[in-house]
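As structure tokens, the structure follows; a few thoughts come after it.
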Amino acid sequence: MCEVTKNNFKEKLPEIRKSLEKAKFISLDLEFSALQPLQQQAPRLFDSNKERYAKLRLNLVNVIPVQVGITAFRFDNETEDYFGEVFTFYVSPSNFMDLDRSFYFQASTTNFLCLHKFDFNKFAYLGIPYLNNEGEATLRQKLKSDNLIGENCQLRCEFFDVIKLYGPIVSKWYHKSNIGDFLEMPDIIKKYEHFYEIPYFLHKHFRARFKNVWTYEKNKCFYIKKVSNDELLQLVKCCKLDEDLVNDLTGFKQVFKLLTTLGKPIVGHNILQDLMIMINNFETALPESYTQYKALTNSLFPTIFDTKTIYYELRPIIPKDKLPEDHGLEGLFEYFKNGSGRHLVVNSTAIECNIEPEKLGSYHEAGWDSFCAGYVFLRMAYYNISQHYPKSKKFVSSEVISGLSEHKNRVNVIRGASSHVRIDGEDPTSSRPPWLIVESLKNEPVDVSDLMSMFSSYGFVDIKKLSARGDRVLVAVDNYRAARDISKTFKENSKFQVKQYNALKHSPVARALLLSAVTISGTFLLWLTHSMVKR
């Protein structure tokens with residue numbers, strides 16, 4: 001596995017580009033700073049896809065990625081095996097002048113990352129910078145200004161400390177130097193190489209303060225050189241100081257742009273939040289409109305596979321005695337790698353990777369998880385296509401991936417009214433169990449916490465009040481068996497009655513409209529009767 005930080009990003013970028021270009025598909029995973037910072041926008045089983053997107057958008061707008069895992073899977077035509085080249089990127093928002101991002105860190109998420117040995121020092125000190133499109137446009141606009149000076153620097157105290165220390169040294173050298181002489185100052189880059197503002201403004205300061213000097217960096221050292229008029233004119237003409245700064249500060253966005261430009265199939269497990277966080281941080285602010293979000297996502301990633309959705313849709317054709325007990329990413333990987341899932345397909349292809357032995361099994365490390373998502377995808381793809389051909393047939397990569405075409409762009413929704421989001425079309429109608437309504441038989445409020453305690457033993461349950469008095473509540477469950485068991489068990493309860501919810505009968509809005517219709521009809525009938533009597 002290749003770990004990529006600010007220190008080796010530029011060096012590794014050509015290798016990353018080459019790997020992504022060769023890939024048959026690319027799998028992704030993110031670790032991020034918060035999961036659900038706005039408790040009032042918590043997801044619920046009652047959420048439509050539009051409502052869920054609105055909640056996630058509010059929750060994620062100030063959440064940042066801290067680690068991005070990318071695995072480029074290539075196919076060997078001779079051995080007919082796959083190899084995953086794994087990259088783990090530590091990333092951190094850019095800071096330059098007033099481009100200064102605020103974001104959430106949630107205590108529970110931090111604890112989770114600590115539990116799985118996330119290296120916060122690499123995030124803070126070595127995170128690859130990034131900007132989205134709006135941030136890049138703002139940066140370029142600022143750099144067009146001719147009056148950028150050290151006082152614009154956020155670290156201006158530190159900047160002026162450097163000037164105070166090195167100004168006299170440079171001045172003394174300048175008055176004694178000749179054309180072609182240079183002054184070497186290694187300590188500047190050594191101390192401030194991760195703070196792009198200070199070296200940038202030092203270049204501008206010394207070039208403006210001293211006539212016929214040029215500044216440059218080489219081998220992590222800051223240099224000042226006295227040059228002739230003609231050489232200075234040529235250097236100014238070829239100067240890339242601003243463009244180099246933009247490249248440094250956009251950083252990981254260059255990898256994201258590669259992903260979107262190449263158009264390779266993207267694979268992830270429960271990838272909805274990952275997609276939203278990537279788009280918000282590396283592309284553009286998430287649109288308010290759910291429809292616009294889907295169109296934007298589809299334009300960036302035309303082919304997406306969510307292994308969670310694929311598993312749910314393939315589960316009915318897997319023999320019941322061979323179903324995995326756990327369908328989380330770790331559970332599915334272990335099932336297909338070491339469990340009975342490994343033998344669902346005879347002569348299944350080998351899948352290898354470049355991860356060191358000591359890193360194998362490092363779950364919730366983005367690089368490893370991205371490999372696991374791709375591995376599970378391939379195992380399910382081979383199982384799916386093998387159902388339609390003789391067992392002895394071997395498949396090329398394009399056949400395997402196209403065999404899952406009916407499952408593409410279906411992104412899983414965790415415990416919502418719909419099972420998934422259809423990125424490139426109309427969302428599916430709900431396949432969740434019908435809601436239940438609980439009505440008090442004693443004309444008193446239903447004890448929601450007591451009800452939750454009783455119903456939770458049957459599965460995941462969500463409850464919300466349906467009436468102001470609280471004598472009627474709506475119950476959503478995550479599986480049909482739970483709905484049947486609850487309805488059957490509490491059918492003759494002495495305190496409340498459980499029924500299947502019917503919007504026309506039980507919705508407060510529908511009942512109000514019905515009551516209004518009855519009132520209007522009654523008034524009209526009374527008027528008509530009165531008119532006939534008068535005649």
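The values are calculated or read from the model by the stated rules, or taken from the named source; none is laboratory data. Quick caveat, the model's predicted, so the values are computed rather than measured. Ideal geometry is used to build each Cβ from the backbone, glycine not excepted, and the neighbour counts take in all protein chains shown. Surface accessibility is based on the protein's heavy atoms, side chains included, excluding ligands, DNA and RNA. Shrake-Rupley method; radii C 1.70, N 1.55, O 1.52, S 1.80 Å.
Values for this structure:
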read-out	value
Relative contact order [Cα under 8 Å, 6+ residues apart], region 255-351, whole percent	28
Residue-by-residue Karplus 3J(HN,Hα) for region 45-50, coefficients 6.51, -1.76, 1.60, Hz, glycine and proline x	5, 7, 5, 6, 4, 5
Stokes-Einstein diffusion coefficient of the chain, Kirkwood radius over Cα pairs, 20 °C, 1.002 mPa s, in µm²/s	78
19 Å Cα-Cα threshold exceeded, pairs from Lys10/Lys218; Lys6/Lys218; Lys322/Lys408; Lys18/Lys257	Lys322/Lys408
Long-range amide H partners of Ser92 with built H, under 5 Å	Ile128, Tyr130
For a label point 7 Å along the Cα-to-beta-carbon line of Leu232, residues of region 160-184 with backbone N under 18 Å	170-183
Gyration tensor verdict on region 325-431 (Cα atoms; rounded if a/c is under 1.5, prolate if a/b is larger than b/c, oblate otherwise)	oblate
Top positive-direction residue, dipole computed over region 80-232 with Cβ charges, set Trp173, Ile128, Asn95	Trp173
Pair Leu165, Leu58: separation of 7 Å Cα→Cβ label points (nm)	4.8
Dipole magnitude of the chain about its Cα centre (Cβ charges: Lys, Arg +1; Asp, Glu -1), debye to nearest 20	1500
Mean Cβ neighbour count within 10 Å, used as a protection proxy, ranking 161-174, 332-345 highest first	332-345, 161-174
Packing rank of 371-377, 419-425, 91-97, where each peptide gets the mean count of other beta carbons within 10 Å, highest leading	371-377, 91-97, 419-425
Global geometry of region 65-147, whether rounded, prolate or oblate, following the gyration tensor of its Cα atoms and the 1.5 cut on a/c	oblate
Overall form of region 10-99 per C-alpha gyration tensor (a/c, 1.5; a/b vs b/c)	oblate
Projected label distance in nm at Asp100 and Leu13, using a 7 Å step from Cα toward the beta-carbon	2.7
Region 241-309: relative contact order as a whole-number percent, Cα under 8 Å and 6+ apart	47
Distant-in-sequence amide H partners of Trp435 (H built 1.01 Å from N, under 5 Å)	Tyr501
Backbone HN-Hα couplings from phi across region 357-373 [Karplus 6.51/-1.76/1.60, Hz, Gly and Pro as x]	x, 6, 8, 4, x, 7, 5, 6, 9, 4, x, 4, 5, 5, 5, 4, 4
Label-reachable residues, region 311-352, where backbone N falls under 13 Å from a point 7 Å from Asp485's Cα toward its Cβ	none
Extension gain from Phe460 to Ser494, taking 0.36 nm per residue of separation minus the Cα-Cα distance	9.8 nm
Of all accessible heavy-atom area on the chain, the percent that carbon and sulfur account for (1.4 Å)	52
Protection proxy ranking, peptides 303-316, 230-243, 203-216, average beta carbon neighbours within 10 Å, highest first	303-316, 203-216, 230-243
Per residue value of the accessible surface for the chain (all protein chains in place, 1.4 Å probe), Å²	52
FRET efficiency, 1/(1 + (r/R0)^6) with R0 22 Å, evaluated for Arg140 and Asn212 via beta carbons	0.15
Modelled label reach - Leu115, point 7 Å along Cα→Cβ, region 56-70 residues with backbone N closer than 14 Å	none
Residue-by-residue Karplus 3J(HN,Hα) for region 93-101, coefficients 6.51, -1.76, 1.60, Hz, glycine and proline x	x, 6, 9, 7, 6, 8, 7, 9, 6
Residues whose placed amide H lies under 5 Å from that of Ser33, excluding near-sequence neighbours	Ile64, Val66
Over the chain: helical MRE at 222 nm, DSSP H runs n ≥ 4 each giving -39500 (n - 2.57), nearest 500	-13500 deg cm²/dmol
